1. Kindly rank 47-54, 25-32, 9-16, 36-43 from highest to lowest mean number of other beta carbons found within 10 Å of each residue.
2. Using a 7 Å offset from the Cα along the Cα-to-Cβ direction at both T43 and R24, what is the distance between the two label points in nm, to one decimal?
Amino acid sequence: MSRPVPPVGRCQGCGYARALSAHRSRGDGLKRLLCTPCWSAATLTEERGEAVTWAPGHAEEAAPAEGGLW
C-alpha cells in the first residue's frame, strides 16, 4: 500500500516551501505544519523538556535573508 505524499507548503518553523507534516506542540497544544527538519527539532526540544520558541509571524515573512538565516 502506498502512502500519500505530504502536502507542500510554507513551513511554520523555517518559512521555506517544503513537504509538511502536522506537529502538535506539547507547550501550547497547537498544531503547526512543519518541514521534516523543523518537525524533528521541535520534537527533540520538547522531549528534552525544553520549550520551543515559535517566532510570531515567522511563516508569513517572504524569504530568509541571504545565507538562509532569519
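Taken together, the values in this text are just the output of simple stated rules run on the coordinates, not laboratory data. Predicted model only: the values in this text are computed from it and were never measured. A quick note on method: Cβ atoms are made from the backbone with ideal geometry, for glycine too, and the neighbour counts reach across all protein chains shown.
1. The most tightly packed comes first, giving 9-16, 36-43, 25-32, 47-54.
2. So the two model labels end up 1.5 nm from each other.
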